[in-house]
Amino acid sequence: MTESSLLSVKELRVLHAGPYGEEALVHGVSFEVSPRQTVAIVGESGSGKSLSALAIMRLTGPGMRVTAETLRIGTVDVLSLRESELRDIRGERIAIVFQNPMSSLNPVLSVGHQLTQAIRAHERLDRRRARERAVELLALVEVPEPHRRFEQYPFELSGGTLQRVTIAMALSAQPDLLIADEPTTALDATLQAQIMELLKKRQGDLGMGLLLISHDLAVVAHAADEVVVMYGGRVVEHGDVRSVFHGPLHPYTRALLATVKEMSSDDDGELHPIPGLPPRLDRLPVGCPFAPRCPMAVERCRVEPPSLDAAREGHEVACHRWDE
Ligand SMILES: Nc1ncnc2c1ncn2[C@@H]1O[C@H](COP(=O)(O)OP(=O)(O)OP(=O)(O)O)[C@@H](O)[C@H]1O
Ligand code: SF4
Ligand SMILES: [Mg+2]
């Protein structure tokens, strides 16, 4: 673990009660995020990306248990915190933006009311000063006519403006680390690009770390420094974004990249969807979770799960056959 890590995650697990006792849904995820760094988590739907993000904030639902060898935000050991201490950490040290802005906003309260509440939860400001700060924040996230938006209710705003408002809420306590879980998937392409640009700009100004969860590999290639590829609740490949995207070592990463035109290394110009479906996290096969869909699978893959090992400097892969 490096001294300056904003977030250190080692062997993170999310467990829940299954029919035969406790079972893991997320199996030993490890990565770090440093100031100003963007780490992206990619993988198909149901691979455990959001569950891992929620576990980091200790926001997984009832019936789930989070364990880790290390789960530190700065120097704070997240797993040892009480609920009241967690509330202080959330917002001030680490904040999250979700795909659907309405999941973070209350439909019956005005934007301004919610923003000033968020600000005053972390800073002792009188009403007038909190209001000024809220309008400043709206301007910071490039909401047009911030004074007018302050008075409005969520239903009066467009999807793009709503997402800007939730980013303003997340930035209100100047967190060290922002988790953005599919922050742009609900928006059209132009707005997606604008919101990503906004996040990167604010990250630059504030020196935040960004943990970006995204389906969109083109966005990740553009925005991230490091990428974590998840499959079946595990990390299957992890490294510098250029190294992973230009020289993917895991058959799953190669398959994912082949689904994106700009990133496919195949010369035929065709897109290649990955055959089959990802496994349910509570119904994983015994060996490598990708074996049922992997064109390179051999008998060993069906019985022995591969461990995540360093293949090159700063590039890890979990596959028995990565070097073939
Ligand atoms: N209590 C639970 N019991 C069993 N499975 C669960 C439970 N909670 C979540 N899951 C499973 O975990 C998976 C959740 O994964 P998660 O939400 O992290 O996926 P994701 O990678 O974020 O996918 P998406 O891209 O669709 O957002 C779901 O497929 C769900 O089936
Ligand atoms: S371990 Fe085997 S099944 Fe899994 S990705 Fe590698 S070759 Fe494919
Ligand atoms: Mg998700």
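The values are calculated or read from the model by the stated rules, or taken from the named source; none is laboratory data. What you are looking at is a predicted structure, and each value in this text was computed from that prediction instead of being measured. When we count neighbours, we look across all protein chains shown, and the Cβ atoms used for this are built from the backbone with ideal geometry, even at glycine. In case anyone asks, the SASA skips ligands and DNA or RNA and just uses the protein heavy atoms, side chains included. Shrake-Rupley method; radii C 1.70, N 1.55, O 1.52, S 1.80 Å.
Worth a mention:
- Residue check for Gly209: over 23 Å from Ala310 (Cα atoms) and in contact with a Ser or Thr (Cβ under 9 Å, 6 or more places away or on another chain): yes
- Check on Ile179, modelled with pLDDT of 85 or more, open to solvent by less than 10 Å² (accessible area, probe 1.4 Å), farther than 17 Å from Gln37 by Cβ and of a type outside the set (Lys, Arg): no
- Any hit, segment 284-292, residues being out of contact with any helix residue (DSSP H, G or I) (no Cβ under 8 Å at 6 or more places or on another chain), open to solvent by 30 Å² or more (accessible area, probe 1.4 Å) and more than 23 Å from Leu25 (Cβ to Cβ): no
- Checklist (1) closer than 30 Å to Leu217 by Cβ; (2) away from ligand 1 (no atom under 16 Å from the Cβ); (3) in a helix (DSSP H, G or I); (4) not charged (D, E, K, R) applied to Val143, failing item: (3)
- Condition met for Glu44 (assigned to a loop (DSSP other than H, G, I, E, B), open to solvent by 30 Å² or more (accessible area, probe 1.4 Å) and over 16 Å from Glu226 (Cα atoms)): yes
To keep it simple, each residue is scored yes or no on (1) of a type in the set (A, V, I, L, M); (2) at pLDDT below 95.
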| site | (1), (2) |
| --- | --- |
| Pro62 | no, yes |
| Gly74 | no, yes |
| Asp77 | no, no |
| Glu83 | no, yes |
| Leu86 | yes, yes |
| Ala95 | yes, yes |
| Phe98 | no, yes |
| Met102 | yes, yes |
| Val111 | yes, no |
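- Under the condition of being part of a loop (DSSP other than H, G, I, E, B) and open to solvent by 20 Å² or more (accessible area, probe 1.4 Å), the residues counted in segment 1-24 number 7.
- Every residue from segment 297-324 that is surrounded by fewer than 16 Cβ atoms within 10 Å (Cβ to Cβ) and either part of a loop (DSSP other than H, G, I, E, B) or acidic (Asp, Glu) (or both): Val298, Glu299, Glu304, Ser307, Asp309, Glu313, Gly314, Asp323, Glu324
- Test result for Thr60, touching a strand residue (DSSP E or B) at 6+ places or on another chain (Cβ under 7 Å), more than 25 Å from Gln117 (Cα to Cα) and either hydroxyl-bearing (Ser, Thr, Tyr) or within 16 Å of ligand 2 (Cβ to nearest atom) (or both): no
- The residue pairs whose first member lies in segment 90-111 and is closer than 17 Å to Glu156 by Cβ and touching a residue at least 24 places away in the same chain (Cβ under 8 Å), whose second member is hydroxyl-bearing (Ser, Thr, Tyr) and assigned to a strand (DSSP E or B), and whose beta carbons are closer than 8 Å, counting only pairs six or more residues apart or on different chains, do not exist in this structure.
- Residues that are open to solvent by 20 Å² or more (accessible area, probe 1.4 Å) and polar (S, T, N, Q) within segment 162-176 comprise just one, Gln174.
- Residue in segment 25-33 that is assigned to a loop (DSSP other than H, G, I, E, B) and open to solvent by 40 Å² or more (accessible area, probe 1.4 Å) present: no
Residue by residue, here is whether (1) at pLDDT 95 or above; (2) under 23 Å from Gly46 (Cβ atoms); (3) more than 16 Å from ligand 1 (Cβ to nearest atom) holds:
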residue: Pro275; (1), (2), (3): no, yes, yes
residue: Val286; (1), (2), (3): no, yes, yes
residue: Ala291; (1), (2), (3): yes, yes, yes
residue: Leu308; (1), (2), (3): yes, yes, yes
residue: Arg312; (1), (2), (3): no, no, yes
residue: Glu316; (1), (2), (3): yes, yes, yes
